[in-house]
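The values are calculated or read from the model by the stated rules, or taken from the named source; none is laboratory data. All of these numbers come straight from a predicted model, not from anything done at the bench. Backbone-built Cβ (ideal geometry, glycine too); neighbour counts: all protein chains shown. Heads up: the accessible areas ignore ligands, DNA and RNA and are worked out on the full protein's heavy atoms, side chains in. Shrake-Rupley method; radii C 1.70, N 1.55, O 1.52, S 1.80 Å.
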Amino acid sequence: MNYFKRPTPLKRAKLWLSLALPLVALIWIAAHFAMHDSRVYSSGRLSNPHAVFETQCAACHVEKAGAYSAKAENSACLACHDGPIHHAEQTRMPNCAECHVEHRGKINLSAASNQSCAQCHSELRTNGGAAHFSANISSLENGHPEFRAAATNHDPGTIKLNHKLHMQPIRSAPGGPSVQLECFDCHRPPGVTKPWIYADGKYLGITASYTDKDQFLTASSSSLKARNPATGRELMAPVKFATACAGCHLLTFDKRFDDGVPHDKPEVVHTFLMKKFGAYIATHSNELHEMQDPSRDLSGKLLQPRMRTLSAPQWVAEKVAVAEELLSHKTCAQCHQMTKQNLPDTSIARWSPANVAAGTVTSIANLAAGGNSAGMIGAVAPANITLRWLPHSRFDHDAHTGFTCVSCHAKALTSTESSELLIPGIATCRTCHAPGPNHAESRCFECHTYHDWSQRKEVKPAFRLPALHTGGE
Amino acid sequence: MKLDSTQRTWLFISIAIFVACLAIYVPYALTAPKGPTGGSALGLAFGIVGFAFMLFAAALGARKRVPTWRLGRAQAWMRGHLWLGFLALPLILFHGGFHFGGTLTRVLMWLLIITVVSGVFGAALQNYLPKIMTNDVPLETIYDEIGHVRRLLREEADRAMESLCGPLGFKYTSDVAGQRAGGFTAMRALTATTVALRTSAAVSAGASVATAVAAAPEIILLNEEQSAPLRRFYLAELRPYLEQPKRSSRLSEAGRAKSSFAAVRTLAPASAHATITDLEEICEEARQLSLQERMHRWLHGWLLVHIPLSLALILLGAVHAVMALRY
């Protein structure tokens, strides 16, 4: 009758397993304890850069009474890394481990969560009065304002360029073949070394008298310096005449010469012209005696041929004036805003009756005497080229090379005025950068830097390799 | 334990607890700067509640050791074990923020997952298999007695064979009035050969011993030639099957067994048919015992995984709790 008390094989197996398995677990834990191996209690694997500390809990966790503190101390992080502050006006200084969460496996430690940033930026307060930035940003999707540049929708640049025209088949030169320009033919990051298709060798090696500083707008001073050095492929370099324009836009000034004027300041151009015409007339003195070409009468009437004789300086001054008139009114003005037109009476070159009667020209005489060393080309407005449209963030064109330029800069296909801003707005970014598995990274760190690495201090090394291997000094 | 409408209250309570925890977890996970971690206040709270549920579930084993103690109804304990034990999994996942963490915590998470999954599997089996057993094993006996009953069935078959074919050299461990499982005597009065014949099927089916005896036909001893096919079949197939039922045997499948017996019946004289029918019934009962055995292994085999792992889980969970709170 006591059959139910007899152990069946199933009951026996259950009993033994119930004893054996907890015992194995106990032995496993006890073995780690006996070997002072705390790894088993670790809340997760360390990231790759810290993998050498996998067995060195004390490197980050302070040991108190034989037990390690749960939280890594800031001093442990700062022993190897400097962590410059974000902004001098920030009201809260988070601990390193609040944003850089370790023991999460092989993750990117610098990839802080949006919540880390939102701790301050969702309700931004500063020690220095009102915040300069939007005060309620939680993430790219929540509260992030439109890019300031895109919101103003205005390009302060003064270079006149019809993007629509340049995106269509276009003649490369008068009488030249039609070409289809690619964005890359004009816009490239400085790190790209591929030869320029529409460059002109005459201009490439020449040092101009103006500097980039005169032409570019300075980037916002509040932008934080990134930690890693730039690759030179992040942002587009400003478009230069020598590399992108000179192949088609010739700066010719007179039919006597094949080459054009230098792409430089007006006074440089004037000096060039004076020298060029001076050298020419020295070897072509017969051109000082001129007979007016009837066909040049604008009224269409056949006029009696008129003769005149000029001195060499007069001839040079007149030709320079005519060339400068051409450059100022057409060639330069095609792309540049000429803010000052100080051309004198250019009828001197038009055989005005007064000039013919006099056999000479007063104004030309003045010019020849060196009355105006800057010439007659108006002042050229600074190009005001914006080097960095998103000064508070990092954008890397190189990371987006798989996409066509017009995917983001769609307005380039239709823009006819250079004042139209062609950088995309935040909505374009959000089409790819969004939360979820089917989207690109959208957390704050993707574009923004927390630590201001311009404030970086050098760190004195604290570890020796043998110490890492042996677990102590 | 049967999963029926009586579980509704526990189901609703469990859903309510889960939804409440989820409602707390989601905003916490979305707003926590470091993400959800076990060391945060809410993470710790989830961990403590989850571990408490695990302890309660584990206490069922201890409760079963003292069935006479007035500690609440066993049914309530079992339901609590089932539902709170199941809830421990999502709560512990909330505790760790769905990260498995380091070595110990990873071991703990897998132990918990396997324990819960094996428990759910066991609960499903216990809900499903008893119905099948009621239908397919009408001759169900006490599991621990299956070996004994199987031996009695074999001896019963041996006696029937010797009554028909003469002495075959079998040895018996039980007397004629063999005691059957559960302590009842299942026998009937014998025919001319005074050999006890099997009546368990009739008795199990509700017939009285007297009725079974009345139905027993007269048995005539067969000569060597007449009994040869039956003896061959018995010694080569039936008896080995009764001693050690194997699934590879054709007698383990009802349809094929029926064909086998029909073939034997064709070769044997009509006077042996009653005994062959009896042998067929013995075979059927042995087959049902095998099926019961298999179902029993399924019904209780999962406990070989569930109980040892849950004990290891509780032990290591306690170590984890102490170490986590200490550091």
Cross-link partners of A:Lys330 among aspartates and glutamates (Cα-Cα below 14 Å; sequence separation of 8 or more within a chain): A:Asp254
Shielding score for B:100-111, defined as the mean number of other chain Cβ atoms within 10 Å: 5
Amide H partners (placed H, <5 Å) of A:Ile385, local residues excluded: A:Phe216, A:Leu217
Rounded to the nearest 10 Å², the accessible area of A:Cys408 at probe 1.4 Å: 60
³J(HN,Hα) computed for each position of segment A:156-168 - Karplus, 6.51 cos²θ - 1.76 cosθ + 1.60, integer Hz, glycine/proline x: x, x, 10, 6, 8, 9, 9, 4, 4, 4, 6, 8, 9
For B:56-67, mean number of other protein chain Cβ atoms within 10 Å: 0
Efficiency of FRET from Cβ geometry, B:Lys131 and A:Ala440, R₀ 51 Å, rounded to 0.05: 0.45
Cross-link table A:Lys11/B:Lys258; A:Lys202/A:Lys411; A:Lys164/A:Lys301; A:Lys164/A:Lys275; A:Lys14/B:Lys34; A:Lys164/A:Lys240, entries beyond 31 Å C-alpha to C-alpha: A:Lys11/B:Lys258; A:Lys202/A:Lys411; A:Lys164/A:Lys301; A:Lys164/A:Lys275; A:Lys14/B:Lys34
Placed amide H near A:Ser139: partners under 5 Å, 5+ positions off or other chain: A:His144
Backbone HN-Hα couplings from phi across segment B:152-168 [Karplus 6.51/-1.76/1.60, Hz, Gly and Pro as x]: 5, 4, 5, 5, 4, 5, 4, 4, 4, 5, 5, 5, 9, 10, x, x, 10
Under-5 Å amide H pairs with A:Gly191, H placed in peptide plane, nonlocal only: A:Arg233
Loop-resident sites, segment B:236-327, for trypsin sites (Lys or Arg not before Pro), counting at most 16 other Cβ within 10 Å (DSSP): B:Lys246, B:Arg247
For the pair B and A, total buried accessible area rounded to nearest 100 Å², probe 1.4 Å: 2900
10 Å Cβ neighbours from other chains, averaged over peptide A:11-24: 5
